[in-house]
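The values are calculated or read from the model by the stated rules, or taken from the named source; none is laboratory data. Please read these numbers as outputs of a predicted model, since none were measured by experiment. Quick reminder, even Gly has a Cβ in these numbers, built from the backbone with ideal geometry, and neighbours come from all protein chains shown.
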Amino acid sequence: MRAELGIRGCAFLFVGRLWRGKGLDYLLDAYGRLRDLSVPTTLLLAGDGMDEERYRAHVRDHQLPNVRFLGFVQQDTLPRILAASDVLVFPTLGDPYGLVVEEAMASGLPVITTEAAGDIRRRLPDGSAGFVIPPANADALEDRMRRLALDPALRRDMAEEAMRLVSSRTHDHYATDFEHFVDAVMRSRRAPAPIH
């Protein structure tokens, strides 16, 4: 599958809608800064969306190497793409949960995501099975991508921890996560409007 996808070196994977709210501007900025690495990298973008043409133009205009637009990926194909990848990057600017994080961890991928991916710190302690960074921060994203691209042993250790964390979660954990999400939504709706 890696050959079929044209993967060279460390493969960073994004899965989701191709639009600004998923943080792709920051991802492409960070990825573009990795050109000086001594190892090759590939960026796989699995999904489609309203900003796809703008992102294709950005990749073309900035001559970003080894970026592959995979289009919409069927759910039965996703496991093969996850298995061919080395790191999931989910730089969302706001997402209620981000199920793809669990899917990647269950597939043995370290994850780089943002604090805006729901209650992520309960699911992914920073530095264990990946990294949790502030949203809209290309510098932090570049740093974590660089570290994982250059350190296969770190990727392997984080991949093992990712699988361990996901396998230790029970249905009760997921129910609690959902309960926290609903509570947060309800609190935000009850918040009074600011007085000016």
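So, in the stretch 26-43, how many residues would count as being more than 17 Å from L70 (Cβ to Cβ), touching a residue at least 60 places away in the same chain (Cβ under 8 Å) and not basic (K, R)?
Filtering the stretch 26-43 for residues more than 17 Å from L70 (Cβ to Cβ) gives 26, 29-30, 32-40.
Okay, now just the ones that are also touching a residue at least 60 places away in the same chain (Cβ under 8 Å), so 26, 29-30, 33-34, 37-39.
With the extra rule that they be not basic (K, R), the set shrinks to 26, 29-30, 34, 37-39.
Residues in the stretch 26-43 being more than 17 Å from L70 (Cβ to Cβ), touching a residue at least 60 places away in the same chain (Cβ under 8 Å) and not basic (K, R): 7 in total.
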Within the stretch 141-168, restricting attention to residues that are among the small types (G, A, S) and modelled with pLDDT of 95 or more, which residue is surrounded by the most Cβ atoms within 10 Å (Cβ to Cβ)? A162
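I'd like to know if the stretch 57-65 contains one or more residues that are at pLDDT 95 or above, part of a loop (DSSP other than H, G, I, E, B) and either under 21 Å from E160 (Cβ atoms) or within 17 Å of the chain's Cα centre (by Cα) (or both). If you could, list the steps in order and put the result at the bottom.
Our first condition is that a residue be at pLDDT 95 or above; within the stretch 57-65, this holds for 57-65.
Still in the running and part of a loop (DSSP other than H, G, I, E, B): 62-65.
Now restrict to residues that are either under 21 Å from E160 (Cβ atoms) or within 17 Å of the chain's Cα centre (by Cα) (or both): none.
Within the stretch 57-65 (the criterion being at pLDDT 95 or above, part of a loop (DSSP other than H, G, I, E, B) and either under 21 Å from E160 (Cβ atoms) or within 17 Å of the chain's Cα centre (by Cα) (or both)), the answer is no, since none of the residues qualifies.
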The stretch 1-39: number of residues that are crowded, with 16+ Cβ neighbours inside 10 Å, among the hydroxyl-bearing types (S, T, Y) and more than 12 Å from the chain's Cα centre (by Cα): 1
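Yes or no, residue by residue, for (1) within 22 Å of E160 (Cα to Cα); (2) assigned to a helix (DSSP H, G or I); (3) at pLDDT below 95:
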site: E102; (1), (2), (3): yes, yes, yes
site: G108; (1), (2), (3): yes, no, no
site: I112; (1), (2), (3): yes, no, no
site: P125; (1), (2), (3): yes, no, yes
site: V132; (1), (2), (3): yes, no, no
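Kindly indicate whether T92 is closer than 12 Å to F14 by Cβ, within 11 Å of the chain's Cα centre (by Cα) and assigned to a loop (DSSP other than H, G, I, E, B). Spell out how you get there, then give the answer.
Details: closer than 12 Å to F14 by Cβ: yes; within 11 Å of the chain's Cα centre (by Cα): yes; assigned to a loop (DSSP other than H, G, I, E, B): yes.
Spelling it out, T92 is indeed closer than 12 Å to F14 by Cβ, within 11 Å of the chain's Cα centre (by Cα) and assigned to a loop (DSSP other than H, G, I, E, B).
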